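Just dropping this structure here.
The values are calculated or read from the model by the stated rules, or taken from the named source; none is laboratory data. Just so we're clear, the structure is a prediction, and the values are computed from it rather than from any experiment. Backbone-built Cβ (ideal geometry, glycine too); neighbour counts: all protein chains shown. Just the protein is used for accessible areas: all its heavy atoms, side chains included, with ligands, DNA and RNA removed. Shrake-Rupley method; radii C 1.70, N 1.55, O 1.52, S 1.80 Å.
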Amino acid sequence: MSEKVSWQGRVVAIQPRIRLLRSFDQRGHVYLGYCLFLTGSVGDHAGEFSVGIGKAAQAKHQFRAGDVVRGTSSPVADSRIETVAFYKTSRLKLISREPTSESKGPPWTGPPPTLEVYRARGHRRLDARTFELRCRPCIWGCRMPVEMTIDQWNPQQKRYRSETFCYGPKSCRLYRAGATRKVPGRRGMTWEEPDWVDEDATAHRGPDE
């Protein structure tokens with residue numbers, strides 16, 4: 001077990017913490033909680049860092065961009081299945097909060113919704129460069145660690161990467177889908193995820209939902 005470290009910082013963004021499981025043309029999600037992206041200090045080191053928190057912690061504190069927060073966390077044991085640097089967070093405390101201002105977006109920066117809302121909304125693929133340049137502060141953006149099972153008959157054979165997604169309104173002017181995702185399979189096969197997958201996942205929403 002890694003020893004926990006104390007940290008404190010200002011939240012610059014908060015997004016859902018979701019792991020994507022792929023097996024050729026099949027996919028599923030593991031809803032872990034939320035990612036806090038902060039600028040501040042971890043132990044004796046100052047700078048930017050990221051912390052994973054649970055669903056219950058976010059429900060209690062309703063963190064949002066601008067909050068000053070502190071807590072203790074463990075360094076992530078396997079960075080292939082996490083997109084934060086620290087997790088297993090405890091002793092969370094809200095130090096200060098700026099006055100509430102309406103987030104007209106994009107990007108949207110208010111308190112994020114529940115994980116059930118993200119699940120119900122569904123996501124579209126999001127170009128990785130667009131995510132980095134425009135969508136990192138947005139509550140509807142999400143970088144997911146992806147665990148790919150290459151051979152269903154040999155489930156220990158896996159590969160890992162990250163992918164970026166958007167849960168936001170389909171009318172967002174900043175959105176760019178980017179290239180389709182290709183998933184490796186057994187015996188050198190490759191499956192390319194078609195556009196209809198995203199269209200089907202968000203078909204129940206109107207353009208401004």
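Given a 10 angstrom Cα cut-off, can you work out which residue in 67, 127, 25 is the most mobile in a GNM of the chain?
Comparing 67, 127, 25 in the GNM, the peak value goes to 25.
Using a 1.4 angstrom probe on heavy atoms only, work out the carbon and sulfur share of the accessible area of the chain in %.
Details: 5540 of 11180 Å².
Its accessible area is 50 percent carbon and sulfur atoms.
Calculate, for the chain, the solvent-accessible area per residue in square angstrom, rolling a 1.4 angstrom probe over the heavy atoms of the protein chains.
Numbers: 11180 Å² over 209 residues.
In whole numbers, the chain has 53 Å² accessible per residue.
If we count every other residue with Cβ under 10 angstrom of residue 29's Cβ, Lys/Arg +1 and Asp/Glu -1, where does the sum land?
+3
OK, next. Tell me the accessible surface of residue 6 in square angstrom (1.4 angstrom probe, heavy atoms of protein chains only), to the nearest ten.
The value for residue 6 is about 80 Å².
Pick out, in residue order, every one of the trypsin sites (Lys or Arg not before Pro) in segment 49-122 that is DSSP loop and has at most 14 other C-beta atoms within 10 Å; say none if there are none. Walk me through the numbers before you get to the answer.
Values: sites: 55, 60, 64, 70, 80, 88, 91, 93, 97, 104, 119, 121; in loops: 64, 97, 104.
Answer in residue order: 104.
From Cα pairs below 8 angstrom and at least 6 apart in sequence, can you work out the relative contact order of segment 107-209, rounded to a whole percent?
On the way: 152 pairs, mean separation 32.2, N = 103.
Worked out over segment 107-209, it gives 31 percent.
Also, quick follow-up: Run the reach check for residue 158 against lysines, Cα to Cα strictly under 19 Å, same-chain hits fewer than 8 apart removed. What comes back?
Reachable lysines: 182.
Please give me the summed charge of the neighbours of residue 133: other residues whose Cβ is under 12 Å from its Cβ, Lys and Arg +1, Asp and Glu -1.
Values: positive: 129, 134, 136, 176; negative: 127, 132.
Overall, the nearby charge balance is +2.
Expressed as a whole number of Å, what is the distance separating the alpha-carbon centroids of segment 138-198 and segment 5-28?
Measuring centre to centre over Cα atoms gives 14 Å.
Can you give the local net charge around residue 93? Use residues other than it whose beta-carbon is closer than 13 angstrom to its beta-carbon, Lys and Arg +1, Asp and Glu -1. Walk me through the intermediate numbers first.
Values: positive: 60, 70, 91, 97; negative: 67.
Around residue 93, the charge tally is +3.
Okay, next question. Pairs of Cα atoms under 8 Å, at least six residues apart: use those to get the relative contact order of segment 27-106, whole percent.
Details: 111 pairs, mean separation 21.1, N = 80.
So the answer I get is 26 percent.
Report the paramagnetic label zone for residue 195: residues of segment 120-141 whose backbone N is under 18 Å from a point 7 Å from Cα along the Cα-to-Cβ axis.
It comes to 123-128, nothing else.
Moving on to the next point. Considering the chain as a Gaussian network with a 10 Å cut-off on Cα pairs, which listed residue, 14, 95, 139, attains the greatest mean-square fluctuation?
95
Here is a follow-up. Could you grab the relative contact order for the chain? Cα pairs under 8 Å, six or more apart, rounded to a whole percent. Display every interim value, and only then the final one.
Working: 474 pairs, mean separation 45.9, N = 209.
For the chain, the relative contact order is 22 percent.
Which value at 222 nm does the chain reach when only helices count, each DSSP H run of 4 or more adding -39,500 (n - 2.57), with the total divided by all residues and rounded to the nearest 500 deg cm²/dmol?
On the way: 3 runs with 21 residues, N = 209.
Mean residue ellipticity, 222 nm, calculated: -2500 deg cm²/dmol.
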